[in-house]
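Inspection log for the structure reproduced underneath, given as structure tokens.
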Amino acid sequence: MWSKPRGRQTNLDFQQYVFVNQKCYHDALPWYNKYFPYLALIHTIMLMVSSNFWFKYPKTSSKIEHFVSILGRCFESPWTTKALSETACEDSEEKQRFTGGVVFQKHVSSDDNSQSTPLMDTPKVQFPTEKLIAEAPSLTTLDKKDGEQAKALFEKVRKFRVHVEDSDFIYKLYVAQTAIKALKIVLILSYTSAFASEISFSHICRPEIESLIGYDQFFCTHNMAFMLRKLLFTFMAMICLYGLVCLYTLYWLFRRPLKEYSFEKVREESSFSDIPDVKNDFAFLLHMVDQYDQLYSKRFGVFLSEVSENKLREISLNHEWTFEKLRQHVTSNAQDEQELHLFMLSGLPNAVFDLTDLEVLKLELIPEVRISAKVSQMTSLRELHLYHCPAKVEQTAFTFFRDHLRCLHIKFTDVAEIPPWIYLLRSLKELNLIGNLNSEHNKMIGLESLRDLRHLRTLYLKSNLNKIPTNLTELSPHLTKLVIHNDATKLLVLNSLKKMTSLVDLELQNCDLERIPHAIFSLANLQELDLKNNNIRTIEEIISFQHLRRLMCLKLWYNKITAIPTSIGLVKSLESLVICQNKLETLPPALFHLPKLRHIDLSHNCISSIPVEVGYLHNLQHFAITGNKVEVLPNQLFKCSKLKVLCVGQNSITSIPEAIGQLVQLSHLELKGNCLDCLPFQLGQCRRLRKNLLFVEEHLFNTLPLEVKESISTSD
């Protein structure tokens, strides 16, 4: 028999059901079933953060954003479309026109290099087989604004490359975040697959509340189990798919050399064969772009090409420097020649070649000087200056220079700036080389190539040589003037001068010479000698000048000479003597027994008196003794009736002799800086003297009679 239930009836069946339901939900249902949605959300967020971390991290995001910005501008720039296609077409046309190059083989001197100071070693000179400059495309293809934007892009790309290419941080960060994502995916798949089997519809629950409800075991159901299982498998499938992408990415990262990027295909397909390969982060970013669209990197490569940039500069340069603007810059120099000076341009404007009457062309600090065949139109061009301008010429342009150029000036810092073709200019008469020829980097400079300059008459070297190159003797049959400015470097060996018997004019300035070199006395044809700004103290060797029968001009200025030897009287051919800026105290009478002497400059010494023998110089036309200690002018000085220039300023002269009136040819008189009280009225007898060439204090000029002042003030 069944026993009758005992206890108190509470009528709380529904509340007990709710309690049991919640109790079993927390105790019997596995935790993964309850928190799966939250885990899926957290994992998704973590994967998203991992994927986009390099876009948000400041050290990488700024570079990526900058790269994307530049990439878009390069892709949309007109310079990569119509303008480039036209220049490429023109290049191909020009290449078809130029099919052969010219190579001139130079014969190197067999002299022992250890016994000579080389100046330029150029065994061969090669001219390009294609035109160096394609004619600029029509300016209508690229307006000024687009050109400026393109130039700005070139600069941005250059700076970005320098900034990014020296580091591989972006690459390493991307590898790290991809590896972290792969590890997360492995972790997610590991535990989700383990818990997938625990998702079921029914569960046995033992809440241990028999005393409260009267039952110790319950059979519970999970209504969302079916849907949760489907969602879990879907999530796992998506994670697997994402994992495959990560695995492919890792394979791509480690299988390919992503820190190197080659533009070889772009170079083959375009006219820009100089596009450089890049590395590190720059290469990695370009590889990433190729995964999206390779056309972006192809167009971007155009802005890495120096040829492309030079073509753009050429277009802009020709647009700015028109024929009319160049014509406005043409001036007349001291020799009344038509001269054009271009300074710090990006290149040589094409319109320059249309200035057919130009005689002198000066180019300074122009990094890319490319001279085309059109230079042959400049039939009047005779003189060319290249100051720190490495110049390249076409074969036709070289032929024109070889036959027409007469004077060439080259200023350089490194010997590589000297164009090798200059040593083949057979019509050249004057060559000026200014630069460092004795530096550590320029030791292998030789003069072998100068032998082909058969018509060279004047050679000017402003450098720092230790000795005169022996190969200069190859120029001896025709070289008549040699100028060496040595920038205070001591010139030790001058034996090569002995063989240069054709020299007429020799200048050895700032060579730190202490005596007159004996090699000079072998130059039988020498007419002018200039030893300015040396360290000469004595000139006893001057007696040997008597063997130089043709010596007419001797300049020993800016030295430390204390006395002139009496043997100077043996140099009978001397017509001009300049010994200013020395330390002379007396003058030997023998100096004034040179019958042909017409010009004497003794300014800025310590001379206290002028010998009376000065009157023997009947041919004297110029006498300067400014800046000395002279107190009296001898009357014999005014017997030099041919005197035209008299400079006696800055002395201690107290009076001017009345005999000055005998100088009827006097046209230049300097008296300023003396102790004069008045001027003699006999100045009026110097009929060629005018006030603009009379240098005297105004109050002294006013002491002259009125008619004398009027006579002197009257212009011809």
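No value in this document is a laboratory result; all are computed from the given coordinates. If you're wondering where the values come from, they're calculated on a predicted model, not measured in any experiment. Heads up, the Cβs are rebuilt from the backbone with ideal geometry, glycines too, and the neighbour counts pull from every protein chain shown.
Details
- Hull shadow area, averaged, region 641-709 [alpha-carbon convex hull, nm²]: 4.0 nm²
- Peptide packing for 246-252, 365-371 was compared via the average number of neighbouring C-beta atoms within 10 Å per residue; ordered from the highest value, the list is 365-371, 246-252.
- Annotation: average projected area of region 584-716 is 7.0 square nanometres, based on the convex hull of Cα atoms across all directions.
- Region 584-716 - percent relative contact order, Cα under 8 Å, separation 6 or more: 17 percent
- Rough spin-label spacing in nm, given labels placed 7 Å along Cα→Cβ, for Arg158 and Gln665: 6.2 nm
- Computed lengthening from Ser273 to Ser655, 0.36 nm per intervening residue step minus Cα-Cα distance: 129.4 nm
- On full extension, the segment bounded by Arg255 and Lys642 gains 129.8 nm, given 0.36 nm per residue less the C-alpha separation.
- Förster radius 30 Å - calculated FRET efficiency between His518 and Ser427, Cβ distance, rounded to 0.05: 0.25
- Using C-alpha pairs below 8 Å separated by at least 6 residues, the relative contact order for region 648-689 is 53 percent.
- Charged neighbours of Ile564, selected by a Cβ distance under 11 Å, balance to -2 (K, R count +1; D, E count -1).
- Potential extension, Lys59-Glu148 segment - 0.36 nm per residue separation minus Cα distance: 29.0 nm
- Simple spin-label estimate for Gln291 and Arg549 in nanometres, 7 Å along Cα-Cβ: 9.2 nm
- The label-point distance for Leu173 and Asp487, in a model that sets each label 7 Å from Cα toward Cβ, rounds to 4.8 nm.
- Measuring r between the beta carbons of Val632 and Lys691 and using R0 = 22 Å, the FRET efficiency lands at 0.25.
- Karplus-derived 3J(HN,Hα) values for region 518-524, using 6.51 cos²θ - 1.76 cosθ + 1.60 with θ = phi - 60°, are 5, 4, 5, 6, 8, 8, 5 Hz; glycine and proline are entered as x.
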